[in-house]
Structure formats: structure tokens, C-alpha cells
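S.K.: Once you've had a glance at the structure underneath, I'll fire off some questions.
Only the coordinates and a few stated rules stand behind these numbers; no lab work does. As the structure is a prediction and not an experimental result, all values here were calculated from the model. Because the Cβ atoms are built from the backbone with ideal geometry, glycine has one as well, and the counts that use them run over all protein chains shown.
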Amino acid sequence: MVKALIKKEREQIFRLFLDNDKLKFNEIEKFLGIRSNMVSYHLEKMLQECLLEKKGDYYVLTKNAEKYIPVFSNITGESMSPLAVVLVAVVNKDKILLIKRNNRPYKDYWGLIGGKILFGENFERASERLTSIRSKLDCSFVSVNSVLHEHVKNGDEIIHDFMLFFTKVRSKGLNFVDGKYGKLKWFNIKDISKVKIIPSDKWLIVNKLNSKVKIKEGFMKESNGRLSRFNFS
């Protein structure tokens, strides 16, 4: 009960900075309506955790904490958004590498090597990193092939929601290393229809393996709330 209350009060403090660039102690205290010693406790902990920093009489979010602003409602459980996932077709001539999943969702199904794209990554780095982690194979990036919004339904209810970014890399060899994520195996691409594979992964392999889509990578400058210099790479 106490931990839940502390978590709630800490979230309320963070939420104040969604609407305010900087706040004084008495402003935070007024907004929260709790005892000043508890406000001091929370602020001190948030300073130690590098979520807040002091600038004169004001508290501001650190650059690290700013990263959580777009996903704050997801973290607190107020709302959920589709999970962005990179699915990588690791190919070598007429073969494609699949992984038999150890974990849910899709446990015991074969599927493409995949995972979340990390903060600040582009699709090339994410594809090569995921392939290296899952298989230890040395691969070179080829292309982004397709984007698919996947919904998984149980009855009438959506239970999983993914934004799938389908990419292709070319393996420089065939000798992989199995890991904790699942068993790996090379399959002949033309035999995919015979494999117990995740249906959406099968569709992407059959229909989009030789497609290409252009996704631009844009960079924008932000300083003290002012936006400028939007450039493409």
C-alpha cells in the first residue's frame, strides 16, 4: 500500500513537468497537496535517480527524463500503444534463418528473428544488432522491405498489437549459435509453406522478401522548448 502511494505521488510530480518546463518547490507542493516533508523526500529521490535537476530555485527534468515524456502514459498503464518490432529476414542465397520461439507470444512457433528497436537506433543498426544477439552471425544490412500493423485477436478482443518493420540482412556465413531466445534453423525459402510458422511472418516472407520501402530518418533540434533545423539523413 505504501509503495503504491509513493509510486502514485512520484508519477504525479513527473506529470507536472508534462505541462511545465520548470517548477519551484512551493509550486510542486501546491499542485500535489501533500506535506512538505513528503515533497522533499520525493524530489530528493528523483534528483538521486537523475530524473530531476536543480537550476537555481527551479526543478527541471533531466535530458534522460525527457525521453519518457512521449511514453509516460504507457509506463503508468493509463493507455497502451502498439509495440514497434523489427523482424529480420536473415538470408543466405536460397536459405532463410528462423527461430523457434521459447517464450510467449507465439511460443513453439517458428518465426523471423526480431525484437524491439532501441531508443536512438535506426533500422540498419537494429537489424544487425538483433541478428548478432540472437545468432552470433555476421550480417550486412540490405533493406527495409515492409511495414505491417498486426493485431492479434482472441474472440473479439485484441490481445496483442504490433507495428512490424520487416527488414532483410545478408549473412556472411551459415554457422549460427543457438541462444536463450530459441532454437535456430536454416530453411529453404521455397519450403516456408511447410513450416509451422507465425502466419504474419510467413506472409511477409512470401510476399515482401524482395520488396523495398524507403523510410527516411529525420533529425530535429530542440533547445529550451524551441524547435529548429529539421534535416533528413
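S.K.: Would you mind computing the Rg to Rh ratio of the stretch 83-208 from its alpha-carbon coordinates, Kirkwood style for Rh?
M.R.: 0.94
S.K.: Choose one of 219, 206, 231: the residue whose Cα lies farthest towards the positive end of the charge dipole of the chain (beta-carbon charges +1 Lys, Arg; -1 Asp, Glu; about the Cα centre).
M.R.: Result: 206.
S.K.: Give the residues of the stretch 159-188 whose amide nitrogen is closer than 15 Å to a point set 7 Å from the Cα of residue 136 in the direction of its Cβ.
M.R.: 173-185
S.K.: Select from 48, 109, 80 the residue farthest towards the positive end of the dipole of the chain; place +1 on Cβ of Lys and Arg, -1 on Cβ of Asp and Glu, and compute about the Cα centre.
M.R.: In the chain, that residue is 109.
S.K.: Under 21 Å between alpha carbons, and skipping anything fewer than 8 positions from residue 180 in its own chain: which lysines qualify?
M.R.: Counting by Cα, and skipping residues close in sequence, residue 180 has these lysines nearby: 100, 107, 116, 136, 196.
S.K.: What percent antiparallel are the DSSP beta bridges of the stretch 83-208, to the nearest 5?
M.R.: Given both bridge residues lie in the stretch 83-208, the antiparallel proportion sits at roughly 75 percent.
S.K.: Where the only charges are on Cβ atoms (+1 Lys, Arg; -1 Asp, Glu), what is the dipole of the chain about its Cα centre, to the nearest 20 debye?
M.R.: My answer is approximately 980 debye.
S.K.: Counting only helical runs of four or more DSSP H residues, what would the 222 nm mean residue ellipticity of the chain come to if each run contributes -39,500 (n - 2.57) and the total is spread over all its residues?
M.R.: Per the formula, -9000 deg cm²/dmol.
S.K.: Let me ask you something else. Would you mind putting 25-35, 128-138 in packing order, based on average other-beta-carbon counts within 10 Å, highest first?
M.R.: Sorting 25-35, 128-138 by mean packing, highest first, produces 128-138, 25-35.
S.K.: Something else now. If you plug each phi of the stretch 103-114 into the Karplus form 6.51 cos²θ - 1.76 cosθ + 1.60 with θ = phi - 60°, what whole-Hz ³J(HN,Hα) values come out, in order, with x for Gly and Pro?
M.R.: 10, 6, x, 6, 4, 6, 9, 6, x, 6, 4, x
S.K.: In whole Hz and in residue order, list the ³J(HN,Hα) couplings for the stretch 134-141 that follow from phi through the Karplus curve 6.51 cos²θ - 1.76 cosθ + 1.60, θ = phi - 60°; x for Gly and Pro.
M.R.: For the stretch 134-141, the Karplus-derived couplings read 6, 10, 6, 7, 8, 10, 10, 5 Hz, x marking Gly and Pro.
S.K.: Same structure again: What dipole magnitude, in Debye to the nearest 20, does the stretch 2-76 give about its Cα centre under +1 on Lys/Arg Cβ and -1 on Asp/Glu Cβ?
M.R.: For this selection, approximately 180 debye.
S.K.: Which cross-chain or sequence-distant (5 or more) residues have an amide H under 5 Å from the amide H of residue 138, H modelled 1.01 Å from N in plane?
M.R.: Residues meeting the amide H criterion: 172, 173.
S.K.: Given the options 181, 122, 167, identify the residue whose Cα lies farthest towards the positive end of the charge dipole of the stretch 83-208 (+1 on Cβ of Lys, Arg; -1 on Cβ of Asp, Glu).
M.R.: After comparing all options, I get 181.
S.K.: A further question follows. In nm, what is the difference between 0.36 nm times the number of residues separating residue 116 and residue 172 and their Cα-Cα distance?
M.R.: Value of the extension gain: 17.8 nm.
S.K.: Quick one: 3J(HN,Hα) in Hz for the stretch 75-90, Karplus 6.51/-1.76/1.60 with θ = phi - 60°, rounded, Gly and Pro as x.
M.R.: 5, 7, x, 5, 8, 10, 10, x, 8, 7, 10, 9, 10, 10, 8, 8
S.K.: For an R0 of 35 angstrom, estimate the FRET efficiency from the Cβ-Cβ distance between residue 31 and residue 81 and round to the nearest 0.05.
M.R.: My answer for the efficiency is 0.85.
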